[in-house]
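Worksheet for the structure shown next.
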Amino acid sequence: LLPLLAYIVLSSDRIRAFSPAPFLLARPSDEANAGTPLHDIIVVGGGSAGLTAAKFAANFGNSVALIEGSKLGGDCTWTGCVPSKTLLAEAKKCWTWRKMNEKYCATTNLPLREFLSDVKGRIDDAREFIYAEDDSPEVLRTLGIDVIEGKAQLLGPRE
């Protein structure tokens, strides 16, 4: 799968990066080996699949660039998997607490607004922890991955 992925998506002479900061994907014309790629693999998109592909490729000694137009981590970190799993864990805690209160006739009730505020805080904490430990540009750079904050455009044969 990796060689096919590298052939289809990751040929740097067929990708243009639109980034606030200039970023080269191929060697400039005044250098030796002009036009040759600077990276073995270019991953477009820093969601869960893109992060996994970039880390996997870098782990095998490939030079990797990752282009992301938004925040690294994608839907899974920011709106999908992490928030929903955290919410499910908090709901289970709430259910367990309620059942324990019923069984032992306890009457402590946390107001719903306060409970929901606590849950939102835990979701935010989980997202930020995962981002800081796994998904941030700093972490990826320590793995040898060049992170390009911008958009990618795949070029046709005449561009």
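Computed quantities for the displayed model
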quantity	calculated
Rounded to whole Hz, the Karplus (6.51, -1.76, 1.60) HN-Hα couplings of segment 54-63, x for glycine and proline	5, 5, 4, 5, 5, 4, 9, x, 7, 7
Exposure ranking of Ile123, Ile145 by accessible area [1.4 Å probe, largest first]	Ile123, Ile145
Other-chain or far-sequence residues with amide H under 5 Å of Ala152's (modelled H)	Phe18
Loop chymotrypsin sites (Phe, Trp or Tyr not before Pro), segment 53-90 (other Cβ atoms within 10 Å of the site Cβ: 14 or fewer; DSSP)	Phe60
Placed amide H near Leu66: partners under 5 Å, 5+ positions off or other chain	Val43, Asp146, Val147, Ile148
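The values are calculated or read from the model by the stated rules, or taken from the named source; none is laboratory data. Note that the structure is predicted; figures quoted are calculated from it, not measured. FYI the Cβ positions are ideal-geometry reconstructions off the backbone, even for glycines, and counts take in every protein chain you see. The area values use the complete protein model at the heavy-atom level, side chains included, leaving out ligands, DNA and RNA. Shrake-Rupley method; radii C 1.70, N 1.55, O 1.52, S 1.80 Å.
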